[in-house]
Amino acid sequence: MRWAAMTSNRPKNAAKTLQAYGKVSWILVCPERFRADMKTAAKDADVTVVTEEAFLNEMPRRLHAPFAKGFGGWRNMALAFCSKEKKDVVFLDDDTTPQNNVLERFDALMPEKGMVLGKYGHHVGGASTALLDLTHALEKFNQKKLREKEFLRRLEERLQGVPPEQRPVQGAGAVGGCLGISAATAQNQCFFPSVYRVEDGTYAALCAGNVVQPSMEEAPMVRHEKEGRPDGLRSELQSDLDGNVVAAYVVAREKNEPMAWDDLKKRIRKGLLVDYFQEKYAKTEFRHPDLDRIAQLQVRVSEAQADDACTSYRDAQAIWLEAWETA
């Protein structure tokens, strides 16, 4: 048996997602200020609404570590409930709707111990995908191969952090909005509690069980609708730079494969295409204040902060069994 889980602070989005997936038992984690709205959003669905504040108030303080920070902490609240009930769990975000029989596919693919990586459709990539499309548009416009009107449209969308629409990619890795975890693995491994959105990839990288990466034909797939916001691309790239450096550092330390700090930062900058954009932007005549700010992005976290993150993860993992048993 499995439950579905969602973490959300957007009641309207949550209502749409709950309706889209039909009859399924849900765990929905949200801030206390959204409890009433979430109850309304969930009125026609089988949903247990858990607020962050109520959960922590009922949990002994010595067991707060897995739940104390950001996105990973919220997911751990849902994971704890499913672990206690010995349920497999499928995480589905509030900006997704099913593109196939998602839950049934997770059921069919779920290993006894491990996880299943579902896929995004529509808005497949994140900030680095938006940056790559923006870089290509900038190059074409500079070469007079793209009309100004089309360039400005793409510029506006990408600066808000909205990636281009594209088909799902084979081997794209873990996405937290379409992710299945077996009960056995949930009971033995918590998410990395972090203020950065890196908990999904970190979980897959450290998973001791079987990580199932289905083919395009058999994969559970959801339509991902990315919402833009002012300064979205720059702020997401900054968060991704810092978060991915920290996550890679934690994974390397946990696997006893440490890397030199400067080498790690260079690898993440290259992987997120920040260096590529900076190189191409320097060669164009077009200038825009938001692009100038993106061109100046640097990793802001220190190695000492990454060390602290390692300690936080190890502290959380050390008490995870007792934590979910107490939930």
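The values are calculated or read from the model by the stated rules, or taken from the named source; none is laboratory data. All values derive from a computational prediction rather than experimental measurement. Every residue, glycine among them, receives a Cβ derived from its backbone with ideal geometry; neighbour counts consider all protein chains shown.
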Query raised in the report: in contact (Cβ under 8 Å) with a residue 40 or more places away in the chain, over 20 Å from GLU236 (Cβ atoms), among the aliphatic types (A, V, I, L, M) and out of contact with any His (no Cβ under 6 Å at 6 or more places or on another chain), is that true of ALA184?
Result: yes
Requested in this report: Could you please find all residues in segment 16-56 being of a type in the set (Ser, Thr, Tyr) and in contact with a strand residue (DSSP E or B) (Cβ under 7 Å, 6 or more places away or on another chain)?
Outcome: THR17, TYR21, SER25, THR48, THR51
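What do you reckon, is LEU152 part of a helix (DSSP H, G or I) and crowded, with 16+ Cβ neighbours inside 10 Å?
Numbers: part of a helix (DSSP H, G or I): yes; crowded, with 16+ Cβ neighbours inside 10 Å: no.
Spelling it out, it is not the case that LEU152 is part of a helix (DSSP H, G or I) and crowded, with 16+ Cβ neighbours inside 10 Å.
Which of the residues that make up segment 1-34 are of a type in the set (S, T, N, Q), farther than 16 Å from ARG75 by Cβ and not in a helix (DSSP H, G or I)? First the steps, then the outcome.
Keep residues of segment 1-34 that are of a type in the set (S, T, N, Q), which gives 7-9, 13, 17, 19, 25.
Applying the additional criterion that residues be farther than 16 Å from ARG75 by Cβ yields 13, 19, 25.
Listed by number, the list holds a single entry, SER25.
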Requested in this report: Looking at (1) at positive phi; (2) crowded, with 16+ Cβ neighbours inside 10 Å, find the lone condition where GLY22 falls short.
Outcome: (2)
**Report entry** Sole residue being in contact with a strand residue (DSSP E or B) (Cβ under 7 Å, 6 or more places away or on another chain), surrounded by 13 or more Cβ atoms within 10 Å (Cβ to Cβ) and closer than 30 Å to ALA208 by Cα, chosen from ALA327, ALA323, ALA309
**Finding:** ALA309
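Just give me the residues in segment 25-49 being surrounded by fewer than 22 Cβ atoms within 10 Å (Cβ to Cβ) and farther than 23 Å from GLU104 by Cβ, in sequence order. Reasoning before the result, please.
Keep residues of segment 25-49 that are surrounded by fewer than 22 Cβ atoms within 10 Å (Cβ to Cβ), which gives 25-26, 31-37, 39-40, 42-49.
Correct list: PRO31, GLU32, ARG33, PHE34, ARG35, ALA36, ASP37, LYS39, THR40, LYS43, VAL49.
Given the criteria in contact (Cβ under 8 Å) with a residue 12 or more places away in the chain, surrounded by fewer than 21 Cβ atoms within 10 Å (Cβ to Cβ), more than 15 Å from ALA4 (Cβ to Cβ) and in contact with a Pro (Cβ under 7 Å, 6 or more places away or on another chain), does ALA54 qualify?
Working: in contact (Cβ under 8 Å) with a residue 12 or more places away in the chain: yes; surrounded by fewer than 21 Cβ atoms within 10 Å (Cβ to Cβ): yes; more than 15 Å from ALA4 (Cβ to Cβ): yes; in contact with a Pro (Cβ under 7 Å, 6 or more places away or on another chain): no.
Judged against the criteria, ALA54 is not a match.
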Query raised in the report: When both residues are 6+ apart or on different chains and their Cβ atoms are under 6 Å apart, which pairs have a first residue that lies in segment 79-107 and is basic (Lys, Arg), and a second that is not in a loop (DSSP other than H, G, I, E, B)?
Result: LYS84/TRP324; LYS86/ALA183; LYS87/ARG2; LYS87/TRP3; LYS87/ALA183
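Residues checked against (1) out of contact with any Gly (no Cβ under 6 Å at 6 or more places or on another chain); (2) among the acidic types (Asp, Glu); (3) farther than 27 Å from GLN298 by Cβ; (4) touching a residue at least 60 places away in the same chain (Cβ under 8 Å):
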site	(1), (2), (3), (4)
VAL212	yes, no, yes, yes
GLU218	yes, yes, yes, yes
GLY228	no, no, no, yes
LEU237	yes, no, no, yes
TYR249	yes, no, no, yes
ALA252	yes, no, no, no
LYS255	yes, no, no, no
Requested in this report: Report whether or not THR326 is modelled with pLDDT of 95 or more, out of contact with any helix residue (DSSP H, G or I) (no Cβ under 9 Å at 6 or more places or on another chain) and of a type in the set (S, T, N, Q).
Outcome: no
